[in-house]
Amino acid sequence: GEPFHIEITDQEAAETIAWYLDRHPRIPFRDPQVFIEPDGVAAWGVAEVAGLRVGLSGKAYIELLDGVPIVRLGDLDVGGVAVPGVVQNRIQAEIDAQFSLAQNLPLIIDELVLEGGIATVRGTIR
């Protein structure tokens, strides 16, 4: 029942994603940059597609549902071209699988506030 408070900056989010990607080499995405904005989180990086390195950018929208973050992928493009729906759906499925693990964490998120460059998370440890 103890409360917690975490603030995450753009840089900390990018470093966390880079750490995760280093441990999952099958995901063809590198050099992430993250921009926390009031309406969501934008990310840029480099994807490897058919042996070529191309720019990748996207936006995610986050909401809380019963104390668990739900992430919905918004715009996504590779090399300036919109990613086809079937590919975007597969990426969304991977995001859903990773965030479903959050349901097993010993905490409840009561508040998530996104501002320019920083995300604030408040909640309670179960």
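The values are calculated or read from the model by the stated rules, or taken from the named source; none is laboratory data. Nothing here was measured: the structure is a model prediction, and the numbers come from that model. Positions of Cβ are generated from backbone atoms using ideal geometry, with glycine treated the same way; all protein chains shown enter the neighbour counts. Protein only, heavy atoms only, side chains kept; ligands, DNA and RNA dropped before computing areas. Shrake-Rupley method; radii C 1.70, N 1.55, O 1.52, S 1.80 Å.
Restricted to segment 62-82, and to residues there that are closer than 19 Å to residue 28 by Cα and free of Cβ contacts under 8 Å to residues at least 12 places away in the same chain, the residue that is surrounded by the most Cβ atoms within 10 Å (Cβ to Cβ) is 82.
Apart from one condition, residue 23 fits all of (1) within 19 Å of residue 6 (Cα to Cα); (2) at pLDDT 90 or above; (3) loosely packed, with under 14 Cβ neighbours inside 10 Å; the exception is (1).
Residue 7 satisfies every condition listed in (1) in a loop (DSSP other than H, G, I, E, B); (2) in contact with a Ser or Thr (Cβ under 7 Å, 6 or more places away or on another chain) except (1). Restricting 60, 50 to residues that are closer than 14 Å to residue 32 by Cβ and of a type outside the set (Val, Ile, Thr) narrows the list to 60. Evaluation of residue 59 against the conditions (1) open to solvent by 70 Å² or more (accessible area, probe 1.4 Å); (2) free of Cβ contacts under 8 Å to residues at least 60 places away in the same chain; (3) under 18 Å from residue 11 (Cα atoms) shows that the sole unmet condition is (1). In segment 12-28, which residues are within 13 Å of the chain's Cα centre (by Cα) and either part of a strand (DSSP E or B) or touching a residue at least 12 places away in the same chain (Cβ under 8 Å) (or both)? If the condition is that a residue be within 13 Å of the chain's Cα centre (by Cα) and either part of a strand (DSSP E or B) or touching a residue at least 12 places away in the same chain (Cβ under 8 Å) (or both), then 13, 14, 17, 18 are the ones that fit.
If you go through segment 26-53 and keep only what is open to solvent by 40 Å² or more (accessible area, probe 1.4 Å) and either of a type in the set (Val, Ile, Thr) or within 27 Å of residue 120 (Cα to Cα) (or both), you end up with 30, 31, 33, 35, 37, 38, 39, 44, 49.
Taken over segment 106-117, the criterion of being open to solvent by less than 80 Å² (accessible area, probe 1.4 Å) and either under 17 Å from the mean Cα position of the chain (by Cα) or among the acidic types (Asp, Glu) (or both) is satisfied by 109, 111, 112, 113, 114, 116, 117.
Please indicate, with yes or no, whether at least one residue in segment 61-78 is under 14 Å from the mean Cα position of the chain (by Cα), among the acidic types (Asp, Glu) and at negative phi. Yes: one or more hits.
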